[in-house]
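Here the structure is laid out as structure tokens; the discussion comes afterwards.
Throughout, read-outs are computed from the coordinates displayed, never taken from laboratory work. Values in this document were obtained by computation on a predicted structure and should not be read as measured data. Methodologically, a virtual Cβ is constructed for each residue, glycine included, from the backbone with ideal geometry; neighbour enumeration extends over all protein chains shown.
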Amino acid sequence: MNNYRNEKITILNNLINNLNFAEEIELSVYNFTNEYILNNNISDLFNEIYEDKFNDIINITDLKQFVNNLYEEKKISLEAIAYLKNEELFPTKYKDILQKTAIQNNKVGSNAFTCKKCKEKNVEITQKQTRSGDEPPTIFVNCLECGYSFKFS
């Protein structure tokens, strides 16, 4: 296992040109993996989890800049880098997703209809003309509490 970890340190060192940082980051990945397999009782998946987390970190667009920023700004220690969520590791990639999620979470619902499933009165209503022009529009109702959707004409 030591040779395996040394290979990972070498890969990191080639990316960031700092052996001390590379060792700290690899140790972070190793500790994260140990904690994760103990908490979830899945010790047989150690190598897969270690590889996934290691790949998450080396796939950061500009890893050297990212690591230097973390170190200089002292936002977190390098030993904690493996514990960051993906949206913290890849903020530009997750920006749009997080904005869409925030918009959906902050929608104001209508109480004009009651959800057929959960009986709450917090629904989003949209109307669309799905048939010919002389027919009334179809009303689509989406419950903001449970996600159940239904429609009627």
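Here are the numbers for the structure shown:
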| item | result |
| --- | --- |
| Value of [θ]222 nm, deg cm²/dmol, for the chain, DSSP H segments ≥ 4, -39500 (n - 2.57) each, nearest 500 | -16500 deg cm²/dmol |
| Selected from F90, F140, F32 as most flexible by GNM, with the chain as the system and alpha-carbon contacts under 10 Å | F140 |
| Cβ-Cβ FRET estimate between N20 and L98, R0 fixed at 25 Å, reported to 0.05 | 0.15 |
| Relative contact order of the chain, defined on C-alpha pairs under 8 angstrom at six or more residues apart (%) | 14 |
| Shape category assigned to the range 107-153 from the gyration tensor of Cα positions, a/c cut at 1.5 | prolate |
| Charge dipole of the chain about the Cα centre (unit charges at C-beta), most positive-ward option of I25, T138, F90 | T138 |
| Inter-part distance where the range 20-83 and the range 107-153 are each reduced to a Cα centre, Å | 45 |
| Cross-link pairs beyond the 18 Å C-alpha cut-off, checked among K100/K121; K53/K100; K119/K151; K100/K128 | K100/K121; K53/K100; K100/K128 |
| Local electrostatic count, N55, Cβ distance below 14 Å [Lys/Arg +1, Asp/Glu -1] | -4 |
| Size of charge dipole - the chain - debye, nearest 20, with Cβ of Lys, Arg +1 and Asp, Glu -1, no other charges | 1020 |
| Computed lengthening from C118 to Y71, 0.36 nm per intervening residue step minus Cα-Cα distance | 12.0 nm |
| Distribution of pairwise C-alpha distances over the chain, 10 Å bins, in % | 10, 26, 19, 14, 16, 12, 3, 0 |
